[in-house]
Each structure stands twice: as structure tokens, then as C-alpha cells.
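J.: Sharing a structure, written as C-alpha cells. Questions coming.
Every number here is computed from the coordinates shown, using simple stated rules; none is lab data. Note that the coordinates shown come from a computational prediction; the quantities given were computed from them, not determined experimentally. As a convention, Cβ positions derive from the backbone with ideal geometry for all residues, glycine included, and neighbour counts pool all protein chains shown.
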Amino acid sequence: MKKVLFIDRDGTIIIEPEDFQIDSFEKLKFYPGAISALMTLARRGEYELVMVSNQDGLGTASFPEEDFWPVQNFIIETLKSEGVNFSEILIDPSLPEENSPNRKPGIGMLKHYLKGDYDLANSFVLGDRKSDVELARNLGAKAIYLGDEKVNADLQSKNWTEIVSFLLNNDRRVRIQRLTNETQIDLYLNLDGTGSAEVSTGIAFFDHMLDQIARHGSIDLKINCQGDLEVDEHHSIEDVGLALGEAFRKALASKKGLERYAFVLPMDEAQALVAIDFGGRPYFRWEADFKREYVGKMPTEMFSHFFKSFSDTAACTLHIKADGVNEHHKIEAIFKGFARVLAQASQRNASGKIPSTKGSL
């Protein structure tokens with residue numbers, strides 16, 4: 001499903017003058033950082049760009065708008081020359097007293113987006129007025145507000161660089177709820193986090209290892225698992241692995257600009273080699289033996305099962321090999337190595353391209 005960025009024009013792409021009238025080219029000024037930011041968004045292709053405005057077509061005194069819209073055309077052609085193309089330009093200069101359904105926050109001009117193949121829940125309206133925030137709510141989308149007045153927006157900023165970072169990182173936050181007769185799991189993942197973790201599975205050593213994934217992978221991770229531990233640990237460990245893999249698959253989304261590969265990790269006398277490929281093909285290889293049946297209260301046989309479950313739902317190739325003397329060191333090296341390869345392989349570069357000669361993953 002396609003995500004859309006609905007952009008107001010005046011006050012976001014161009015600076016709105018004090019008299020709210022751009023009746024000469026001398027008054028036309030682009031909002032600082034807007035062009036370069038829109039170029040980045042267009043290059044990355046995460047969002048379909050749509051212009052939505054209730055201001056008129058910016059006809060000037062010399063060129064009446066009923067003839068043509070010279071200022072509007074200049075804005076569009078300038079952006080187009082830099083690779084920024086709008087899939088639609090929707091302008092209806094209805095006045096407030098006209099009660100037009102096309103006037104924001106009314107969604108009259110945007111009704112077709114409710115019926116198409118659009119992911120409105122993860123789409124945004126970007127504007128400089130309260131009506132733009134209300135439009136987002138009416139569409140079932142999120143809101144970005146450029147202005148000084150305090151509003152209930154998902155982001156309030158006057159900096160286009162911050163807005164681009166928010167838009168391109170926001171899609172890497174995922175919440176998964178997995179409910180079965182055996183486990184109830186609520187999981188939140190932010191791939192661009194700071195390493196914070198709030199984990200509760202009822203298995204202390206497992207919690208400790210999941211915390212390692214967050215801390216050493218520089219991701220934010222919240223997991224609450226209520227499982228049938230009175231039966232055994234199997235279902236909880238397996239289902240957390242499945243939920244975490246699903247979260248990564250969804251957070252990586254189109255995989256544009258993804259580094260894709262990574263490998264590593266020594267820990268004292270133990271050594272773990274972990275290799276991953278987010279290439280869309282699940283495959284798991286495990287070379288690690290444990291002499292103890294448990295580490296803490298976690299069965300050692302479940303270590304490989306956790307990673308196999310992750311590989312299945314993340315649709316990744318995962319190879320893990322470990323050796324050493326201390327069983328705790330071995331498994332902790334594996335989890336820390338796993339965290340590091342997650343961090344490396346999920347990084348994004350500036351190319352914005354799919355990391356495959358096939359053109360898709």
C-alpha cells in the first residue's frame with residue numbers, strides 16, 4: 001500500500017507574506033530547506049507527494065489567475081527541475097463562509113484516497129495551520145505542523161531537515177501484537193532508537209538476552225509476553241522470536257537504501273560468528289553446542305529455536321557459529337553479535353536504492 005505526504009503550499013513550501021498575498025514575483029520566497037528536503041523525499045520514494053491548498057493559484061496583478069497561474073507554475077517547474085514531482089496538485093480557493101467540503105479540514109478534494117490502495121494510517125499531512133492538523137485526523141492520517149501555536153500534531157517543527165528525518169525514520173517503528181492460546185505478546189520496535197529496552201517474558205535470562213539485542217543493536221525494544229510457562233518455556237521463546245522477526249520485516253519495509261548484510265564477536269574465551277542477509281529468503285544455519293541443559297532458567301535447546309523463529313518471519317538468512325568454554329559467555333556472545341549485525345545490516349545509506357541487482361527484495 002502506498003503512503004502519501006499531503007503538503008500545504010503556503011507556509012511550508014513557500015513563505016507566506018504578512019498580507020497573505022503573493023501578488024508579485026518579488027514576494028515569492030521558498031521556505032528554507034524546503035527544496036533540498038523535497039528532493040530527498042522524492043529520491044527516496046517512500047511517499048507519494050500531493051499538494052493540497054485552499055489558497056488560489058497565485059495569479060499576480062500583472063497576470064490574472066483566470067488566464068494562467070504564473071507563480072504557481074514557477075514553483076512547480078522549479079521543483080520539477082530538481083526531480084520533485086507531485087502526483088496530484090489539488091487547489092480549491094473556497095472561502096470559509098462558503099462551507100465548501102473542499103475547504104480544509106474538509107476532505108472533499110481527497111475522498112478518492114479513502115478508496116484507493118493507500119496506507120493512510122502511515123501517511124502525513126504537512127501544513128502550517130490547525131486546519132491541516134484537523135485534515136490529517138479527518139483522513140485517518142498523521143500530522144506535521146510548521147508553526148508556533150501549540151497543536152496536537154505528531155511532529156511540530158519549523159526545520160525541514162528534522163521533518164525529513166522524522167518522515168524517513170518513522171516508518172521503522174512497528175508494533176506487533178501476537179495473540180494465541182499459548183502466548184499474548186505486545187512488542188514495539190524502533191530500528192532508529194537509542195538502545196532502550198523494556199522486556200518482560202517471565203524468563204529472566206531470556207529478558208537479559210533480549211535487553212542485549214536492544215542495547216548493542218541501538219534499537220528501542222519493548223516486549224511484554226504472557227505465556228503458558230506452567231507448561232514450559234517453549235511457546236514463549238518461540239513466539240517472541242516470531243514476533244520480533246515479523247517486526248523487523250515490517251520495519252525494513254521496502255528496504256530501499258538498506259545495507260542488507262553484516263557479520264561479526266568475541267567475548268573473553270568465547271567467539272561467536274553471526275552473519276545475516278535481509279534478502280527476503282529465510283534460511284537458518286546453527287553451529288553451537290552447549291553442555292548445560294539450562295542457562296539461568298532458559299533451556300539451551302531453545303537458543304537455536306529462537307533464532308530460527310526470527311529468521312522465518314524476518315525472511316532473512318541467518319548463520320550463527322559459536323565456540324568457547326563458558327556457556328554463559330558463548331550465548332551472550334551470540335546475542336551481542338546478533339545485535340551488532342542487526343544494527344549494521346538495518347542501517348540505511350544515501351543511495352535510496354534496493355540493494356539487489358534484481359531491483360527488488
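J.: Note the full-extension length gain between residue 269 and residue 292 as 0.36 nm times their separation in residues minus their Cα-Cα distance, in nm to one decimal.
T.: 6.6 nm
J.: Let me ask another. For region 161-211, take the convex hull of the Cα atoms, compute a quarter of its surface area, and give me that in nm², please.
T.: 4.4 nm²
J.: Let me ask something additional. Between residue 39 and residue 224, how high is the FRET efficiency from 1/(1 + (r/R0)^6) when r is the Cβ-Cβ distance and R₀ = 45 Å? Nearest 0.05.
T.: Efficiency for this residue pair is about 0.65.
J.: Oh, and also: Once R0 is set to 45 Å, what does the formula 1/(1 + (r/R0)^6) return for the Cβ-Cβ distance between residue 149 and residue 115, expressed as a FRET efficiency to the nearest 0.05?
T.: Efficiency, rounded to the nearest 0.05: 0.85.
J.: Something else: So, counting K/R as plus one and D/E as minus one, what does the shell of residues with Cβ under 9 Å around residue 313 add up to? All intermediate terms of the calculation are to be shown ahead of the outcome.
T.: Values: positive: 249; negative: 246, 312.
Net of charged neighbours comes to -1.
J.: Another question, if that's okay. In vacuo Debye scattering of region 259-361, one point per C-alpha: log10 I(q)/I(0) at q = 0.16, 0.22 Å⁻¹?
T.: -0.69, -1.12
J.: Only bridges with both residues in region 106-206 count here: give the DSSP antiparallel percent, nearest 5.
T.: Within region 106-206, antiparallel bridges account for around 55 percent of the total.
J.: Can you give the Rg to Rh ratio of region 3-170, both from alpha-carbon atoms, with Rh computed by the Kirkwood formula?
T.: Rounded to two decimals, Rg over Rh is 0.94.
J.: How big is the Kirkwood radius of region 267-326, worked out from every pair of different alpha carbons and given in Å to one decimal?
T.: Working: mean 1/r = 0.0811 Å⁻¹.
This gives a value of 12.3 Å.
J.: Moving on. Once you put a point 7 Å from the Cα of residue 354 and another 7 Å from the Cα of residue 26, both along the Cβ direction, what distance in nm separates them?
T.: 5.2 nm
J.: For region 268-361, give the magnitude of the charge dipole about the Cα centre (Cβ charges: +1 Lys/Arg, -1 Asp/Glu; no others), in debye to the nearest 20.
T.: Details: 13 positive and 11 negative charges, 107 e Å.
Roughly 520 debye, rounded to the nearest 20.
J.: Using the Cα centre as the reference, give the magnitude of the dipole from point charges on the C-beta atoms of region 3-170 (Lys, Arg: +1; Asp, Glu: -1; all else neutral), rounded to the nearest 20 debye.
T.: Once rounded to the nearest 20, the dipole reads 740 debye.
J.: Just to verify a number: FRET efficiency for residue 285 and residue 15, C-beta to C-beta distance, R0 = 51 Å, to 0.05?
T.: According to the calculation, E is roughly 0.35.
J.: Under Stokes-Einstein, with the Kirkwood radius over Cα pairs standing in for Rh, what whole-number D in µm²/s applies to the chain at 10 °C and 1.306 mPa s?
T.: Values: Rh = 23.0 Å.
Here the translational diffusion coefficient equals 69 µm²/s.
J.: For residue 231 paired with residue 100, estimate the spin-label separation in nm (one decimal), with each label point 7 Å from Cα along the Cα-to-Cβ line.
T.: So the two model labels end up 6.0 nm from each other.
J.: How much length, in nm to one decimal, is gained on full extension between residue 259 and residue 89, taken as 0.36 nm per residue of separation minus their Cα-Cα distance?
T.: Between residue 259 and residue 89, full extension yields an extra 57.7 nm.
J.: Please quote Rg/Rh for region 95-151 to two decimal places, taking the Kirkwood radius as Rh and restricting both calculations to Cα atoms.
T.: Rounded to two decimals, Rg/Rh equals 0.99.
J.: What share of all Cα pairs of region 166-244, in percent, falls into each consecutive 5 Å distance bin?
T.: Once binned at 5 Å, the Cα pair distances of region 166-244 give 4, 17, 26, 24, 15, 9, 4, 1, 0.
J.: Output the antiparallel fraction of DSSP beta bridges having both residues in the chain, as a percent to the nearest 5.
T.: Numbers: 31 of 60 bridges.
The antiparallel proportion sits near 50 percent.
J.: Please work out the ratio of the alpha-carbon Rg of region 237-292 to 2.2 N^0.38 Å and round it to two decimals. Mind dumping the intermediate values first?
T.: On the way: Rg = 14.2 Å, N = 56, 2.2 N^0.38 = 10.2 Å.
My calculation over the Cα atoms of region 237-292 gives 1.40.
J.: Using C-alpha positions alone, give me the convex hull volume of region 173-345 per residue in cubic angstrom. Spell out each step's value before the answer.
T.: Working: hull volume 16.3 nm³, N = 173.
So the per-residue Cα hull volume is 94 Å³.
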